[in-house]
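Participant: Dumping the structure here so I can ask a few things about it.
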Amino acid sequence: MRELKITPIKNGTVIDHITSGFALEVLRIIGANNLDKESTVSVALHVRSRRMGWKDIVKVENMELSPQKVNAIALLSPTATISMIHDFKVIEKRPVALPDRFSGVLKCPNPNCITNKGEPVEPEFEVVRRRPMALRCLFCDRYVDDFLPHLNTR
Ligand SMILES: Nc1ncnc2c1ncn2[C@@H]1O[C@H](COP(=O)(O)OP(=O)(O)OP(=O)(O)O)[C@@H](O)[C@H]1O
Ligand SMILES: [Mg+2]
Ligand SMILES: [Zn+2]
C-alpha cells in the first residue's frame, strides 16, 4: 500500500517526505524534463505516511543533487529527505537542511534591491524563522516569506 508502488532504482536519488502537493515544484527544481535519456523519473503524489499524514515522493535514476538544489527543496519542503541509492541500496540518507545563510537559490523580490540592478551581486538570504520559514535579504533587508515565485529555477 505504500512506496512499493514505485519500481526500485539501481542508482540515483530518492527525495522522500516531500510536503504533499509539492512534487511538481521539486521536479522543476531538479530539471526533471532535462535529464539524460537513460534516467527514469518516478513520482508519487499523495502517498500515505505515518509521520506526515500525506506526502509526495520523487525518485530519479542516475542523478545527484547539487547543494543549491537541495537548498531549494529545503525551502519548499523542510521535511524532505534525500537518499542516495547505489546498487539498489540506500548508501546515504539525510534530511534537507537549509543553512542559516545561503545564496544561489532565490532572487530578491524587491525590484529596487542592488541584486536586481544588473550588478554582479549575488543575492544572499538569512533565515529569520524556520517554521514557518521566513527569510531576510542581506542587501536590502526585505523580509521574504512568499518565496516560491522567486526561486531561481523558475
Ligand atoms: N532501490 C531503491 N529504489 C528506489 N527507492 C528506494 C530504494 N531503496 C530505498 N528507497 C527509498 O529510499 C528512501 C530511504 O530508504 P529507507 O529504506 O531508509 O526508507 P524507510 O525505512 O522508509 O525510511 P524513512 O524513515 O526515511 O521513511 C525511502 O523513500 C525508500 O522508499
Ligand atoms: Mg519510509
Ligand atoms: Zn534584496
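The values are calculated or read from the model by the stated rules, or taken from the named source; none is laboratory data. The shown structure was predicted, so the numbers you read here are calculated from the model rather than taken from an experiment. Because the Cβ atoms are built from the backbone with ideal geometry, glycine has one as well, and the counts that use them run over all protein chains shown. These area figures cover heavy atoms from the full protein model, side chains too; ligands, DNA and RNA do not enter into them. Shrake-Rupley method; radii C 1.70, N 1.55, O 1.52, S 1.80 Å.
Rundown of residues vs (1) within 14 Å of ligand 2 (Cβ to nearest atom); (2) modelled with pLDDT under 95, yes/no style:
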| residue | (1), (2) |
| --- | --- |
| 4 | yes, yes |
| 12 | no, no |
| 45 | no, no |
| 70 | no, no |
| 78 | no, yes |
| 86 | no, no |
| 97 | no, yes |
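Participant: Here is a follow-up. Consider segment 109-154. How many of its residues are modelled with pLDDT under 95 and among the polar types (S, T, N, Q)?
Facilitator: 2
Participant: What number of residues within segment 101-137 satisfy the criterion of being assigned to a loop (DSSP other than H, G, I, E, B) and within 21 Å of residue 29 (Cα to Cα)?
Facilitator: The initial filter retains those residues of segment 101-137 that are assigned to a loop (DSSP other than H, G, I, E, B), namely 104-105, 107-113, 117-123, 131-132.
Adding the requirement that they be within 21 Å of residue 29 (Cα to Cα) leaves 104-105, 107-109, 122-123, 132.
Here the count works out to 8.
Participant: Go through the residues of segment 21-38 one by one and say whether even a single one is more than 16 Å from ligand 3 (Cβ to nearest atom), open to solvent by 80 Å² or more (accessible area, probe 1.4 Å) and touching a helix residue (DSSP H, G or I) at 6+ places or on another chain (Cβ under 8 Å).
Facilitator: yes
Participant: Do you know which residues across segment 74-96 are open to solvent by 20 Å² or more (accessible area, probe 1.4 Å), part of a loop (DSSP other than H, G, I, E, B) and touching a Pro at 6+ places or on another chain (Cβ under 9 Å)?
Facilitator: Answer for segment 74-96, where residues must be open to solvent by 20 Å² or more (accessible area, probe 1.4 Å), part of a loop (DSSP other than H, G, I, E, B) and touching a Pro at 6+ places or on another chain (Cβ under 9 Å): 78, 79, 88.
Participant: Being closer than 25 Å to residue 106 by Cβ and either within 10 Å of ligand 1 (Cβ to nearest atom) or out of contact with any helix residue (DSSP H, G or I) (no Cβ under 6 Å at 6 or more places or on another chain) (or both): is that true of residue 57 here? Break it down stepwise before answering.
Facilitator: Values: closer than 25 Å to residue 106 by Cβ: yes; either within 10 Å of ligand 1 (Cβ to nearest atom) or out of contact with any helix residue (DSSP H, G or I) (no Cβ under 6 Å at 6 or more places or on another chain) (or both): yes.
Yes.
Participant: Output the residue which, of all residues in segment 91-120 that are among the β-branched types (Val, Ile, Thr) and in contact (Cβ under 8 Å) with a residue 12 or more places away in the chain, is nearest to ligand 1 (Cβ to nearest atom).
Facilitator: Going residue by residue through segment 91-120, those that are among the β-branched types (Val, Ile, Thr) are 91, 96, 105, 114-115.
Imposing the further condition that a residue be in contact (Cβ under 8 Å) with a residue 12 or more places away in the chain reduces the set to 96, 105, 114-115.
Numbers: 96: 12, 105: 24, 114: 41, 115: 36 Å.
Ranking the candidates gives 96 first.
Participant: Could you tell me how many of the residues in segment 14-37 are assigned to a loop (DSSP other than H, G, I, E, B), more than 16 Å from ligand 2 (Cβ to nearest atom) and modelled with pLDDT of 95 or more?
Facilitator: Of all residues in segment 14-37, those assigned to a loop (DSSP other than H, G, I, E, B) come to 20-22, 31, 35-37.
Remaining after also requiring more than 16 Å from ligand 2 (Cβ to nearest atom): 21-22, 31, 35-37.
Going one step further and asking which of them are modelled with pLDDT of 95 or more, we end up with 21-22.
Within segment 14-37, residues that are assigned to a loop (DSSP other than H, G, I, E, B), more than 16 Å from ligand 2 (Cβ to nearest atom) and modelled with pLDDT of 95 or more number 2.
Participant: Out of segment 47-68, which residues are more than 15 Å from ligand 2 (Cβ to nearest atom), touching a residue at least 24 places away in the same chain (Cβ under 8 Å) and outside any loop (DSSP other than H, G, I, E, B)?
Facilitator: Passing the criteria: 60, 61, 68.
Participant: Tell me whether segment 108-119 contains one or more residues that are open to solvent by 20 Å² or more (accessible area, probe 1.4 Å) and of a type in the set (A, V, I, L, M, F, W, C).
Facilitator: Checked segment 108-119: at least one residue is open to solvent by 20 Å² or more (accessible area, probe 1.4 Å) and of a type in the set (A, V, I, L, M, F, W, C).
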